[in-house]
Each structure stands twice: as structure tokens, then as C-alpha cells.
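The values are calculated or read from the model by the stated rules, or taken from the named source; none is laboratory data. Note that the structure is predicted; figures quoted are calculated from it, not measured. Every residue, glycine among them, receives a Cβ derived from its backbone with ideal geometry; neighbour counts consider all protein chains shown. Just the protein is used for accessible areas: all its heavy atoms, side chains included, with ligands, DNA and RNA removed. Shrake-Rupley method; radii C 1.70, N 1.55, O 1.52, S 1.80 Å.
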There are 2 protein chains.
Amino acid sequence: MTINQEDDVKNDQQLHKEKMQKQKERVDAQIAKNSIERGVAILMTGNGKGKTSSAFGMVFRALGYGQKVGIVQFIKGAQESGEVNFINDHCPNADIFQMGTGFTWNTQDKAADIHASEETWKVAAKMLADASYDLVVLDELTYMIGYKYLDRSMIIDAISQRPIEQSVVVTGRGGGRELREVMDTVSDVKNIKHGYKAGIKARRGVDC
Amino acid sequence: MTINQEDDVKNDQQLHKEKMQKQKERVDAQIAKNSIERGVAILMTGNGKGKTSSAFGMVFRALGYGQKVGIVQFIKGAQESGEVNFINDHCPNADIFQMGTGFTWNTQDKAADIHASEETWKVAAKMLADASYDLVVLDELTYMIGYKYLDRSMIIDAISQRPIEQSVVVTGRGGGRELREVMDTVSDVKNIKHGYKAGIKARRGVDC
């Protein structure tokens, strides 16, 4: 390395350090400003892959701190899933309840679906009123609102009146403006492409 | 209920059944068409919350089927996280390696960051060449490409030449067009809103 090249490396290192120092100041300022300590309400919505798996990632995050978790899955339960297998086998600190009917296009029975969703909601409402749960996951709840199987205001009231230390994660496409408003964090998972559309079979351990 | 009202309910039920029957035909046709059975490559990108937690949701999905999982976390490891606690305590079937340097704005040392990323990549490359791993997670890998700490083609080659049965999940903002092209499934997690910006402190069990 020539002396000039050494200077270039030093300049690059120094510029990097200065840039990062400024970024650190911005990040630290935001952290210092954040003073509210309470449970958060998160909505994972949109048409892309990753909504339910994200909710379950947070489940394991919570379990890793010894927290208690409640999970209610609307629609799901008719098919096997790896994350539910794992929870049933290894996670006594997580309570899981599944509506178990499967997709509406499989049941094809609106009255039975409405009845099942109401029974499932009773379990969810109980968890949302129970401060012993640190985290409650309501997987695919948005569809119950979209299909008008469950009353939107009843759901929004239960979420907004939950214990202050409790976090909640709701997943599913849609859900509407009122639901988004009551949530602290909303991520819209957009489908850019999906292997399924390219002819790849759903894969155990990734898709189900 | 009058006879007319009963008719309305029946019509509604019948219409629902017919609509769902058609949807079932569409879904079944796509399932029948999908004949390719192999591991999938998934990219969780975008500026919203849920990318890393989604990858870890898939980790537990895979572990629920008794699969073997490799996890490499770029950047991360300087701070505690619930999902890593959980894996270290409960998941002998998952191998985890963390770069451990923390964010670039904390290290402020470009040469050391590049060295750490190269050492971390060696672990990732070994997993991507080892067919005993059913799933490999490369958390925050995209930033190594964005910062030019690691060579883009080297990464793309390793992902595309991995064992055919192995799935891989890459997370992080950006990553570029070439990376997206080699992935089967790409989800862009868009930030609609984040509690952090509203002054809520990062929450154990949800955010970290």
C-alpha cells in the first residue's frame, strides 16, 4: 500500500465514523424521548407472506423472557402447523385455542362459521380481560370483521380496554380503518412475489 | 321469524355456499397445479416491523416438524433478545451464530465491522452448503450487501447453489434487485405506523 492509499483508507474510516456518530445521536435522541412504558397493540396486515409467522416469532420472544402468552387462531386448526406442534410439545406457558373450522370455502356453511367464530371470540375476550397474559395473539381475526361474523366495535373495545401491560398482535388482511386506529403499530406485508404462484408446493416448516 | 324472513336466511346461506364452492374450485385448481417440491427462498424486506419475528416464526414452524435449523444474525447479538434466549434454552435442533457487533452507528469502526461480517459469512456459507439443515435464516443480511461489507454475487451464488431441499429466509431492508430475483417469495413489510415513533418504549417480548 502506498502512503496515498493509506491516507484514502484513513479518510474513509474517519468519514464512516463521523457519519455513524451523527446517526447514533439521532437514534439516541429518539430512545431518550420514548418514555411511555406499556403493552403495545400490533397489526400485521396485507396480502404477503409473513403475518402469522411474525406473530409466532413474537410469541417465542415473549416466552424467552418467561412471559405468559395466549393465542387464538380464527379459521385455522383444520390443518397441521409446525408452530402449533411446537407449542403443544414444548411451551406450557402458552395457551392456544383454535377455531378449527378451516377456510370458509371449505366449510361452505355460513351459520356454522358464525357460531364457531362467536365461540372462539369468547376465548379471545377472556384473554384480553386477563392481566396474567403478557401477550395475546389473535391470528386471522381481521377476516371475522371482514365477513361480518363478529362485531367490529366489540373487538375494538376489547382491544383498547385490555390490561395496560398486555401486548396484543392481530393478523390478517384488511380489518378496516377503525381497527388500524386503535393499534400502536401497523405493518402492511405486501406480496412482491410468492413461490406458490410459481408452482412450488407449500413447504412444511416454512409455509405451514 | 316470518316465512319471508326464513326464505331470506335460506337464500343468504345458499348464496354463501355457491360463492364458497366457486372459491374452493379456484383454490383446489392452484393446489393441483403446484407440483414442484423443494426448499424455498424467502426474503422479508421493507421498513416495517415484523421481518425478524417472521423469520423466527418459521424457525419454530420447522422445529415443530423435528427439522434442523441454522440461524445467522448479522449486526445483532449486542443486545438481549427473547427469541435467542428461548432457542438457547429450549431448542437443541437449532444452531445460532451472532455477529454480535451491534449497529454500525454504535461500533463506528468500518474495518472491524467488515472483518466481523466476513467471519459471520463463513458460518452462513457453511450452513448453506450443508444439506442437514432444513432451514437457514440469514437475519439482517441485506445490510451487509447495502454497506458493501460482503460481495453481492458471492451471497447470491451461495443461496442459489444450496441443497435443493433446504429453505432459506433472508431479512432486512433493501438488498437489491439481484437478490430479489433469486428468491422464490418476497414480502415487502411496509411501515404504516410504529408505536416507537409515538413515544412508546421498545417492549420486551414484542420488540426485542
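Please indicate, with yes or no, whether at least one residue in the range A:95-112 is more than 14 Å from chain B (Cβ to nearest Cβ), surrounded by fewer than 22 Cβ atoms within 10 Å (Cβ to Cβ) and either over 24 Å from A:Val168 (Cβ atoms) or touching an Asp or Glu at 6+ places or on another chain (Cβ under 8 Å) (or both).
Checking the range A:95-112: not a single residue is more than 14 Å from chain B (Cβ to nearest Cβ), surrounded by fewer than 22 Cβ atoms within 10 Å (Cβ to Cβ) and either over 24 Å from A:Val168 (Cβ atoms) or touching an Asp or Glu at 6+ places or on another chain (Cβ under 8 Å) (or both).
Can we say B:Ile75 is buried (at least 16 other Cβ atoms within 10 Å of the Cβ), part of a loop (DSSP other than H, G, I, E, B) and not acidic (Asp, Glu)?
It is true that B:Ile75 is buried (at least 16 other Cβ atoms within 10 Å of the Cβ), part of a loop (DSSP other than H, G, I, E, B) and not acidic (Asp, Glu).
Determine whether A:Ser132 is open to solvent by less than 50 Å² (accessible area, probe 1.4 Å), over 17 Å from the mean Cα position of the chain (by Cα) and more than 9 Å from every other protein chain (Cβ to nearest Cβ).
no
Residues that are out of contact with any Phe, Trp or Tyr (no Cβ under 8 Å at 6 or more places or on another chain) and open to solvent by less than 10 Å² (accessible area, probe 1.4 Å): does the range A:15-31 have at least one?
No.
Can you name every residue in the range A:148-205 that is within 12 Å of chain B (Cβ to nearest Cβ), open to solvent by 40 Å² or more (accessible area, probe 1.4 Å), hydrophobic (A, V, I, L, M, F, W, C) and free of Cβ contacts under 8 Å to residues at least 40 places away in the same chain?
A:Ala198, A:Ala202
Within the range B:94-101, can one find any residue that is at pLDDT below 95 and touching a His at 6+ places or on another chain (Cβ under 9 Å)?
No, the range B:94-101 has no match at all.
Go over the candidates B:Glu118, B:Glu140 one by one and state the one that is in contact with a Gly (Cβ under 8 Å, 6 or more places away or on another chain), modelled with pLDDT of 95 or more and more than 10 Å from chain A (Cβ to nearest Cβ).
B:Glu140
Here are some residues: A:Ala116, A:Ala158, A:Ala124. Which one is under 16 Å from the mean Cα position of the chain (by Cα) and over 30 Å from B:Gly46 (Cα atoms)?
A:Ala124
Taking the range B:32-46, which residues are facing chain A (nearest Cβ under 7 Å), surrounded by 11 or more Cβ atoms within 10 Å (Cβ to Cβ) and polar (S, T, N, Q)?
Correct list: B:Asn34 only.
Check off (1) away from chain B (no Cβ under 14 Å); (2) open to solvent by 50 Å² or more (accessible area, probe 1.4 Å); (3) in contact with a helix residue (DSSP H, G or I) (Cβ under 7 Å, 6 or more places away or on another chain) for A:Lys126 and give me the number that stays unchecked.
All conditions pass for A:Lys126, except number (3).
Looking at the range B:30-64, which of its residues are of a type outside the set (Asp, Glu), free of Cβ contacts under 8 Å to residues at least 24 places away in the same chain and not in a helix (DSSP H, G or I)?
Of everything in the range B:30-64, those that are of a type outside the set (Asp, Glu), free of Cβ contacts under 8 Å to residues at least 24 places away in the same chain and not in a helix (DSSP H, G or I) turn out to be B:Asn34, B:Ser35, B:Ile36, B:Gly64.
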